[in-house]
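Structure, as structure tokens:
Bear in mind these aren't lab numbers, they're just calculated from the coordinates by the rules spelled out. Keep in mind it's a predicted model, so treat the numbers as computed, not measured. Heads up, the Cβs are rebuilt from the backbone with ideal geometry, glycines too, and the neighbour counts pull from every protein chain shown.
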Amino acid sequence: MRSRTLSELPGRCPKCWIRTAHCICAEVPRVQTKTQVVVVRHEREGWKSTGTARVAMLALESGRLVDYSEDGAACDGVLRELAAGAALLFPETGIAPAPLAEPPSRLIVLDGTWRQTRRMVKRLPSLAAVPRLVLPEKAEAPLRLRESADPLGRSTLEAIADALEVIEGETAARPLHALHALFVERVFRARGVWSAKNRVLAS
């Protein structure tokens with residue numbers, strides 16, 4: 001089982017969780033969007049230093065983070081109040097993306113592994129009737145901290161940026177894509193592997 005990363009460890013920024021020598025907080029943009037982004041974070045994602053939902057919340061002016069525990073009851077109660085006018089970003093393999101009837105006022109994003117998010121959907125009845133936004137495959141994937149074998153796989157920050165590009169256009173998405181690239185670079189620099197990763201990216 002993966003060990004936990006503690007934000008209060010010496011030498012680590014308590015906001016972005018990157019080692020202080022590579023902290024990105026001073027460079028995080030403040031992004032205003034018409035669509036409120038609500039991230040439902042699985043409890044096991046909260047202590048991973050590679051989790052990008054944390055960074056997304058630093059950037060999004062109206063972003064909201066809702067923590068999910070295994071029983072899901074408390075989280076479901078919160079989401080019942082947020083479901084009206086919302087769309088659920090849920091990456092179901094094999095389902096073609098379809099345009100929503102109208103732009104949502106709120107985007108609900110599940111943050112976790114494939115297995116975790118599928119279980120979350122089943123345990124959150126408040127999401128059953130929420131229209132789903134499924135993103136198309138990407139022609140070219142960016143460098144990520146955690147690679148996925150699934151063509152629809154994305155980090156949470158990357159998925160939010162892609163979804164906002166569909167809903168609001170490139171202007172809303174551009175600073176978040178740039179933030180994702182910066183976060184990945186700084187984490188790899190902190191690990192001392194950026195030069196190798198950058199050579200692969202450039203090849």
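Per-structure values
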| read-out | value |
| --- | --- |
| Neighbour-count order for Asp111, Asp76, Asp71, fewest beta carbons within 10 angstrom listed first | Asp71, Asp76, Asp111 |
| Helix-derived mean residue ellipticity, 222 nm - over the chain, DSSP H n ≥ 4, -39500 (n - 2.57), to 500 | -10500 deg cm²/dmol |
| Distance histogram for region 155-200 (every C-alpha pair counted, 5 angstrom bins, percent rounded to whole numbers) | 6, 23, 22, 17, 14, 11, 6, 1 |
| Length added when fully stretched, Lys138-Cys13, from 0.36 nm per residue minus Cα-Cα | 41.8 nm |
| In degrees, nearest ten, helix 114-123 long axis to first principal axis of the chain (Cα) | 30 |
| Exposure proxy order (Cβ contacts within 10 Å, fewest to most) of Leu179, Leu145 | Leu145, Leu179 |
| Val40 long-range amide H proximity, modeled H, under 5 Å | Val66, Val109, Leu110, Asp111 |
| For region 39-84, alpha-carbon Rg over 2.2 N^0.38 Å | 1.20 |
| Listed residues Ala59, Leu143, Val78: farthest to the positive end of the dipole of the chain (Cβ charges) | Leu143 |
| Relative exposure of Glu81, Glu140, judged by other C-beta atoms within 10 Å (fewest first) | Glu140, Glu81 |
| In nm, spacing of pseudo-spin labels at Thr50 and Arg30 (7 Å Cα→C-beta vector) | 3.2 |
| Contact order relative to length of the chain, as percent, for alpha carbon pairs under 8 angstrom and 6 or more apart | 23 |
| Using a Förster distance of 30 Å, the FRET efficiency for Ala129-Asp71 (Cβ separation, nearest 0.05) | 0.90 |
| Cα-centre dipole for the chain with unit charges at Cβ (Lys and Arg positive, Asp and Glu negative), debye to 20 | 780 |
| Given Lys15/Lys122; Lys48/Lys197; Lys138/Lys197, the pairs whose alpha carbons are separated by over 29 Å | Lys15/Lys122 |
| Paired Rg and Dmax values of region 47-142, which use every Cα atom, in angstrom | 13.8, 38 |
| Estimated FRET transfer efficiency (Arg118, Arg64; beta-carbon r; R0 25 Å; 0.05) | 0.65 |
| For the chain, alpha-carbon Rg relative to the globular expectation (2.2 N^0.38 Å, N residues) | 1.00 |
